[in-house]
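Q: This is the structure, below, for whatever I ask next.
The values are calculated or read from the model by the stated rules, or taken from the named source; none is laboratory data. Quick caveat, the model's predicted, so the values are computed rather than measured. Reconstructed Cβ throughout: ideal geometry from the backbone, glycine too, with neighbour counts over all protein chains shown.
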Amino acid sequence: MDIGTISSRYAKALFSLAKDKGAEGRVYDDMKMLADSFSMEPELKGALSNPIVSGPEKVKLLTAAGGVEVCELYTRFINLVLAHKRETLLPFIAHIYIHLYRKDKKITRVRFDTAVAVDEAVKSHLQDKLRSETGCAIEFSGHVEPELIGGFRLRVGNYRIDASYATRLRDIRNGLLENR
């Protein structure tokens, strides 16, 4: 069996149990935090695969990586994964669980990058517009990226719009260089 199949089975089992218990949203929050922890702290993967780090220490690490107050189901799941020596699969399991939750709840991820901070009214208007267009709940994240110079970048699921001045200037520069 490959990593994807095993990870998928664990994630689906956790999602099914969490849904039966009405805790899928709480586990979702913990799994998002765990996934973020894996991406922000690459040493976490190394600690989990290190045979010198004891089981209880791994539980503490994964509990802290899941957030300030993780739910009981998350803790039980972590103990199960560790008991079966599948801790190296946790990054995959977390991402699959997150995907399953978003698909079940019809959540579309939106990332809106601008060169300067945008006020809440603009963000709210954009969220409402996207919600009405997609018919989905919107999970919105906005970032200020001064290197865009002006304009914006919008990513809705796998669809991307780049209306930044930096991209336009780069395209103009490339066009001028090609026409020499």
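Q: Looking at the range 140-156 only, could you name the residues that are part of a strand (DSSP E or B) and either closer than 9 Å to ASP113 by Cα or charged (D, E, K, R) (or both)? I'd like the intermediate steps shown before the answer.
A: Of the range 140-156, the ones part of a strand (DSSP E or B) are 140-144, 152-156.
Within the range 140-156, SER141, GLY142, HIS143, VAL144, PHE152, ARG153, LEU154, ARG155 qualify.
Quick grid of which residues meet (1) outside any strand (DSSP E or B); (2) touching a helix residue (DSSP H, G or I) at 6+ places or on another chain (Cβ under 7 Å):
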site: THR88; (1), (2): yes, yes
site: HIS95; (1), (2): yes, yes
site: ASP113; (1), (2): no, yes
site: VAL122; (1), (2): yes, no
site: GLN127; (1), (2): yes, no
site: ILE138; (1), (2): no, yes
site: THR167; (1), (2): yes, no
site: ILE172; (1), (2): yes, no
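Residues are listed down the side, and each one gets a yes or a no for (1) exposed (fewer than 13 other Cβ atoms within 10 Å of the Cβ); (2) on the phi > 0 side of the Ramachandran plot:
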{"position": "PHE112", "(1), (2)": "no, no"}
{"position": "ALA115", "(1), (2)": "no, no"}
{"position": "GLN127", "(1), (2)": "no, no"}
{"position": "GLY135", "(1), (2)": "yes, yes"}
{"position": "PHE140", "(1), (2)": "no, no"}
{"position": "PRO146", "(1), (2)": "yes, no"}
{"position": "ARG153", "(1), (2)": "no, no"}
{"position": "ASP162", "(1), (2)": "no, no"}
{"position": "ALA166", "(1), (2)": "no, no"}
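Q: Looking at (1) at pLDDT 95 or above; (2) over 20 Å from the mean Cα position of the chain (by Cα); (3) of a type in the set (D, E, K, R), can you tell me which one LYS19 breaks?
A: (2)
Q: For LEU177, only one of the following conditions fails: (1) in a helix (DSSP H, G or I); (2) modelled with pLDDT of 90 or more; (3) farther than 30 Å from SER7 by Cβ. What is its number?
A: Result: LEU177 fails condition (2) only.
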